[in-house]
1. For segment 108-163, which positions are touching a strand residue (DSSP E or B) at 6+ places or on another chain (Cβ under 8 Å) and of a type in the set (A, V, I, L, M)?
2. Filtering segment 55-71 down to residues that are under 22 Å from E186 (Cα atoms) and buried (at least 18 other Cβ atoms within 10 Å of the Cβ), which residue is modelled with the highest pLDDT?
3. Go through (1) buried (at least 17 other Cβ atoms within 10 Å of the Cβ); (2) modelled with pLDDT of 80 or more for A115 and report which single condition fails.
4. Among what's in segment 121-144 and is polar (S, T, N, Q) and either assigned to a loop (DSSP other than H, G, I, E, B) or touching a Phe, Trp or Tyr at 6+ places or on another chain (Cβ under 8 Å) (or both), pick the residue that is farthest from K73 (Cα to Cα).
5. Can you pull out every residue in segment 98-112 that is open to solvent by less than 60 Å² (accessible area, probe 1.4 Å) and assigned to a loop (DSSP other than H, G, I, E, B)?
Amino acid sequence: SVKSVRASREAILGAARAEFDARGFAGARVQAIADQAGINKQLIFYYHGSKLAASLAELSAAAPADVGPQATKRIRGHVADLYVMLADRPHLLRLLTGDAGLDPATAALADTTFAAIAGGFSEIVADGQRLGYFRDDSDAGATARHAISLILGHLLLDQTTPKGPAESRRAQVPEGIARLLLKSLEW
């Protein structure tokens, strides 16, 4: 019935939000979302498409680990990993930039994913502030949104060219984004 489909989708979205809140972007897993929603994992694939569900699982699994004790290394690693992940998966880029063809439930899941990615950046900035690496007057949430916007913007511009992102730019662009962010954060 329409009510049970709607209820299942809402349960999935609620579980996804709870999983991202509890475990962060790196720790969230599709199976845990299914368990929390009280549904079979396959229903996530059914309601949100196997490509989307698999992509969200990949994004969660590929979220960067702590690449070093210094917050600057963590920012660089996070920017580079997210840039490469999205450059290699254009369908995720379209998902996160609000592809007009998304149904409301998938759009909500994309928003949750975007928020989880932003949360990872915010956490790094807040840790850096707490440890004295970054200025206290920097807004961690705004910095996270700026980081994601810069990454998405570069990748979207690259898609407008016939060849997409050049291999040599895979290191240059993320490093440039990280340098820009760090200039705004460091003392």
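1. Going through segment 108-163, the residues touching a strand residue (DSSP E or B) at 6+ places or on another chain (Cβ under 8 Å) turn out to be 125, 128, 133-135.
Of everything in segment 108-163, just one residue is touching a strand residue (DSSP E or B) at 6+ places or on another chain (Cβ under 8 Å) and of a type in the set (A, V, I, L, M), namely V125.
2. Just the residues of segment 55-71 that are under 22 Å from E186 (Cα atoms), to begin with: 64-71.
Within this subset, residues satisfying the condition of being buried (at least 18 other Cβ atoms within 10 Å of the Cβ) are 64, 71.
On the way: P64: 46, A71: 82.
Among them, the one singled out is A71.
3. The number of the failed condition is (1).
4. Looking only at segment 121-144, we keep the residues that are polar (S, T, N, Q), and these are 122, 129, 138, 143.
Next, only the ones that are either assigned to a loop (DSSP other than H, G, I, E, B) or touching a Phe, Trp or Tyr at 6+ places or on another chain (Cβ under 8 Å) (or both) stay: 138, 143.
Working: S138: 18, T143: 16 Å.
Among residues in segment 121-144 that are polar (S, T, N, Q) and either assigned to a loop (DSSP other than H, G, I, E, B) or touching a Phe, Trp or Tyr at 6+ places or on another chain (Cβ under 8 Å) (or both), the one farthest from K73 (Cα to Cα) is S138.
5. If we filter segment 98-112 for residues that are open to solvent by less than 60 Å² (accessible area, probe 1.4 Å), which is where we start, we get 98, 102-103, 105-110, 112.
G98, L102, D103, listed by residue number.
The values are calculated or read from the model by the stated rules, or taken from the named source; none is laboratory data. Computed from a predicted model, the values in this text were never measured in an experiment. Note that each Cβ is placed from the backbone with ideal geometry, even for glycine, and that neighbours are counted across all protein chains shown. With ligands, DNA and RNA removed, areas are computed over all heavy atoms of the protein, side chains included. Shrake-Rupley method; radii C 1.70, N 1.55, O 1.52, S 1.80 Å.
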